Amino acid sequence: MIVATNISKQYEQRQVLASIDLSIAGSEIVGIIGPNGSGKSTLMKLLSGAETPTTGTVQLHDKSISTYKQKELAKEIAVLQQDPLPSVGFTVREIVEMGRYPYQSWLGTEQTSKHPEQDIVTETINRLHLQHLEQELVDHLSGGEKQRVALAKVITQEPKILMLDEPTTFLDIGYQLQMMEIVKAWQREKQLTVVVILHDLNIASMYCDRLVLLKQGTIKKIGPPASVIDADVIASVYETRPIVINHPKLAHVPQIILDK
Ligand code: ADP
Ligand code: MG
């Protein structure tokens, strides 16, 4: 579905990503992990077509991603940015409705009859338990609620591929799990492809089918969590050596314990 071949990214003199080969196909959750500044957000920008690589190619369905028109691309890929909701002055419902823009004509009416617009908006608001906040201004919401609204907006976009840049970083542990459970349930139901940048290695290990570990702009390791979340591998990337154990209840889910 998405194939990146030998991509690199340079900002002025700075090489931020180098020699990245990555194929993402079918219904899976791919986690991108790595230290601050290792190039995770930049990689996501290249994979989503938001930025073009300095060298190499990104193909979506065997076609260069740069050849897609904006609305066509938005029907394929939805992106939840790291700081997704600067939209002050809008209600929760208005924000969620904005997810429908790829399906609207310049008159603002739906072009497809696949779903009447309001049905999917209402359905998504209910699914994310936002009914009671529908008419509330997003400015008034807590961090966890804002993040649910941002997710509702991209769900309403009905993409085939969802890209999330650190969707859980400012959330407490309860909201982190809630967020990932919603993403996973939706991914399974619609057989979507999800690419997610996660800071927390334990959450990444619990929810991702594959992990891509970046170190200074290159892929250090790629594979199922059990092969990537390894004490030696983590120590070689993060300047600290954790203890790695198997999750006591979940099979093939390594978990790290910080050590001094
Ligand atoms: P991560 O998401 O892993 O923290 P980023 O992809 O945001 O890392 O950034 C990787 C490196 O690229 C950082 O050193 C950052 O300062 C640099 N960088 C990112 N975007 C730009 C830009 N637009 N111009 C210059 N440097 C950038
Ligand atoms: Mg980032």
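Please give the charge dipole size of the chain, origin at the Cα centre, charges +1 on K and R Cβ atoms and -1 on D and E Cβ atoms. Round to the nearest 20 debye.
Once rounded to the nearest 20, the dipole reads 600 debye.
Of the residues 248, 159, 102, which exhibits the maximal mean-square fluctuation in a Gaussian network model of the chain defined by a 10 Å Cα contact cut-off?
Comparing 248, 159, 102 in a Gaussian network model of the chain, the most mobile one is 248.
Separation between the residue 258 and residue 140 pseudo-spin-labels, each 7 Å from Cα along Cα→Cβ, expressed in nm?
3.7 nm
If I ignore ligands, DNA and RNA and count only protein heavy atoms, how much of residue 57 is accessible to a 1.4 Å probe, in Å² to the nearest 10?
70 Å²
Tell me the label-point distance for the pair residue 104, residue 239, using the 7 Å Cα-to-Cβ offset, in nm and rounded to one decimal.
Going from the residue 104 label point to the residue 239 one covers 4.6 nm.
Summarise the accessible area of the chain (1.4 Å probe, protein heavy atoms) by the percent that is carbon and sulfur.
Using a 1.4 Å probe with all protein chains present, the chain comes out at 51 percent carbon and sulfur.
Quote the relative contact order of the chain in percent (integer), defining contacts as alpha-carbon pairs under 8 Å separated by 6+ residues.
It comes to 24 percent, rounded to a whole number.
At 1.4 Å probe radius, can you tell me the per residue accessible area of the chain in Å²?
49 Å²
Using the alpha-carbon atoms, what tilt in degrees (0 to 90, nearest 10) does helix 117-127 show relative to the longest principal axis of the chain?
The answer is roughly 50 degrees.
Is the C-alpha gyration tensor of the chain telling us rounded, prolate or oblate? Criteria: a/c under 1.5 is rounded; beyond that, a/b larger than b/c is prolate, otherwise oblate.
Oblate.
Per 0.36 nm of contour for each residue apart, how much would the distance between residue 231 and residue 160 grow if the chain were fully extended, relative to their Cα-Cα spacing?
22.1 nm
Taking R0 as 41 Å, what's the FRET efficiency between residue 246 and residue 59 from their Cβ-Cβ distance, rounded to 0.05?
0.65
Could you work out how much longer the chain between residue 119 and residue 131 gets when fully extended? Use 0.36 nm per residue separation minus the Cα distance between them, nm to one decimal.
3.0 nm
Sort 206, 44 by accessible area with a 1.4 Å probe, largest first.
My answer, sorted largest first, is 206, 44.
Counting GluC sites (Glu not before Pro) as exposed when in a DSSP loop with at most 11 other beta carbons within 10 Å, what is the longest stretch of the chain free of them?
13-238
Springs between alpha-carbon atoms under 10 Å, Gaussian network over the chain: tell me which of 63, 45, 160 tops the mean-square fluctuations.
Taking springs between Cα atoms under 10 Å, the residue moving most is 63.
The values are calculated or read from the model by the stated rules, or taken from the named source; none is laboratory data. Since the model is a prediction, treat every value here as computed from it, not as a measurement. Methodologically, a virtual Cβ is constructed for each residue, glycine included, from the backbone with ideal geometry; neighbour enumeration extends over all protein chains shown. Note: accessible area is taken over every heavy atom of the protein model, side chains too, but ligands, DNA and RNA are not part of it. Shrake-Rupley method; radii C 1.70, N 1.55, O 1.52, S 1.80 Å.
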